[in-house]
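These notes concern the structure reproduced below.
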Amino acid sequence: MEYKQIQELIKTINKSNISELSIEEGDFKITIKQELAAQTSFVSMPQMSMPMPQMPQQAPQAALPAAAPAAAPAPAKAAPAAGSNAVTIKSPMIGTFYRSPSPDKPVFVNVGDEIKAGQVVCIIEAMKLFNEIESEVSGRLVKVIADDSSPVEYDQPLFLVEPI
């Protein structure tokens, strides 16, 4: 069997649903195997609008107004703590976040440090490459949001900086 014939067989098998083909011609034997991808099918169920049975809610209604005011002040406290003019330094890529250049070296920046635009604030490792992440703003570091040696996503907040 010639090389071009083998290539044509491979192309034909790739286009078909055949998972394995064996050919024997005299002393020549060839087996071509193909892994078939598991097919996933999604079935959508029609949505039915059925009225929900009404249960007597005498006790829960009395407890609900008491719980609502307690939950409202919590977000109000969180906003002033972060600072209204704080700038977020976000991850420009997916990878692993490191605060220092190596485990035995000190961190690039600490909370309270003054940083300048262009200063390296962390490293993100992506595909065995260590990428230095620089600050885009000058200011005082208010908060480190990401945990050291943890995976980060694209556009995930890493630091909060209060511009000076």
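Residues in the range 79-88 that are modelled with pLDDT under 85 and open to solvent by 60 Å² or more (accessible area, probe 1.4 Å): 4 in all. Taking the range 89-107 as the range and being under 15 Å from E153 (Cβ atoms), open to solvent by less than 60 Å² (accessible area, probe 1.4 Å) and of a type in the set (A, V, I, L, M, F, W, C) as the test, the residues that pass are I89, M93, F97.
Evaluated against (1) under 15 Å from P92 (Cα atoms); (2) open to solvent by less than 20 Å² (accessible area, probe 1.4 Å), F130 falls short on exactly one condition, (2). The residue of the range 108-126 that is least open to solvent (accessible area, probe 1.4 Å), among those that are in a loop (DSSP other than H, G, I, E, B) and without any contact (Cβ under 8 Å) to a residue 24 or more places away in the chain, is G118. Considering (1) at pLDDT below 85; (2) in contact with a Leu (Cβ under 7 Å, 6 or more places away or on another chain); (3) open to solvent by 90 Å² or more (accessible area, probe 1.4 Å), the lone condition that S19 does not fulfil carries the number (3). The set of residues in the range 138-164 that are among the acidic types (D, E) and surrounded by fewer than 13 Cβ atoms within 10 Å (Cβ to Cβ) comprises D147, E153, D155.
The values are calculated or read from the model by the stated rules, or taken from the named source; none is laboratory data. None of the values given here were measured: they were computed from a predicted structure. Neighbour counts run over all protein chains shown; Cβ positions are idealised from the backbone, glycine included. Surface areas here come from the heavy atoms of the whole protein model, side chains and all, with no ligands, DNA or RNA. Shrake-Rupley method; radii C 1.70, N 1.55, O 1.52, S 1.80 Å.
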